[in-house]
Amino acid sequence: MAKTNELSKYIVAISLFIIAGSCATRKSEPITGAVVDRSDTRVANGQEKYNRYCQKCHPAGEAGLGPAVNGKPNFLKKFQAKHGLGVMPAFKDIISKQDIKDIGLYLKKLDKLKKRKDI
């Protein structure tokens, strides 16, 4: 019985170590200066929905609790948002199709902004 308890403690400790170590780190510098142009209502809506549903795990499209979404193909981002993948939950019953498209448009603008030299 004592060996079982000791083994359980080791398994828990190793599991926590693996979970803590698997969190992704930022791959680039945070955006400073210019921001995405919000004059397009779809981009503004995409930014609002992204901040509400995605920002917690993918800060500014970078790796956080979840992997980076910048530079990924748009169809893959849409599929992941709708159906989930790995630990990411499915949002198809939470976020509308149009809002997912708007989030994709916002991320595309954000990618272009990050690729500019002046930020």
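Worth a mention:
- Against the list (1) surrounded by 13 or more Cβ atoms within 10 Å (Cβ to Cβ); (2) at pLDDT 80 or above, the condition D37 fails is (1).
- Within the stretch 33-52, residues that are closer than 15 Å to K101 by Cα reach partners that are at pLDDT 90 or above and among the aliphatic types (A, V, I, L, M) with beta carbons closer than 6 Å, at six or more positions or on different chains, in the pairs R42/L105; V43/L105; G46/I103; G46/L105; K49/I103; Y50/I103.
- The stretch 75-96: number of residues that are loosely packed, with under 13 Cβ neighbours inside 10 Å, in contact (Cβ under 8 Å) with a residue 12 or more places away in the chain and of a type outside the set (V, I, T): 0
- Within the stretch 78-119, tally of residues that are modelled with pLDDT of 85 or more and of a type in the set (D, E, K, R): 10
- Residues within the stretch 60-74 that are surrounded by fewer than 16 Cβ atoms within 10 Å (Cβ to Cβ) and closer than 17 Å to K112 by Cα, tallied: 4
The values are calculated or read from the model by the stated rules, or taken from the named source; none is laboratory data. These numbers were taken from a predicted model, which means no experiment stands behind them. When we count neighbours, we look across all protein chains shown, and the Cβ atoms used for this are built from the backbone with ideal geometry, even at glycine.
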